[in-house]
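One structure is given below, encoded as C-alpha cells.
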Ligand code: SF4
C-alpha cells in the first residue's frame, strides 16, 4: 500500500513549529520564515506515522493529508 503524502496549507499555517518537532525527517520551518513545509514525503511507515501525528497535533489543521 502506498504511503500517505502531506502538504502544508501555507495560508493557514501559524508557524508554531510543532510539525517539524513531531516529524523532523519530513518537515522544517522555511528558513527565515514563519511557515512550515514538507521537505520529504514519508519514505517508510515510521515517517508516515510521525507525519500523521504532526497533522493530528497541528492546532489549526494546516498540515493536510493530500493522498493515501
Ligand atoms: S503544526 Fe500546523 S501551524 Fe504549526 S507549523 Fe506545522 S503546519 Fe504550521
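Pairs meeting the criteria (first residue in the range 1-19 and touching a residue at least 40 places away in the same chain (Cβ under 8 Å), second residue more than 10 Å from the ligand (Cβ to nearest atom) and assigned to a loop (DSSP other than H, G, I, E, B), beta carbons under 6 Å, at least 6 apart or on different chains) are 3/42; 4/68; 5/41. Just give me the residues in the range 22-50 being surrounded by fewer than 13 Cβ atoms within 10 Å (Cβ to Cβ) and within 15 Å of residue 62 (Cα to Cα), in sequence order. Matches in the range 22-50: 34 only. Taking first residues from the range 41-53 that are closer than 13 Å to residue 24 by Cα and partners that are part of a helix (DSSP H, G or I), the Cβ contacts under 7 Å between residues at least 6 apart in sequence or on separate chains come to 42/48; 42/51; 50/22; 53/22.
Every number in this text was worked out from the coordinates using simple rules, so none of it is lab data. Since we're looking at a predicted model, the values are computed, not measured. A quick note on method: Cβ atoms are made from the backbone with ideal geometry, for glycine too, and the neighbour counts reach across all protein chains shown.
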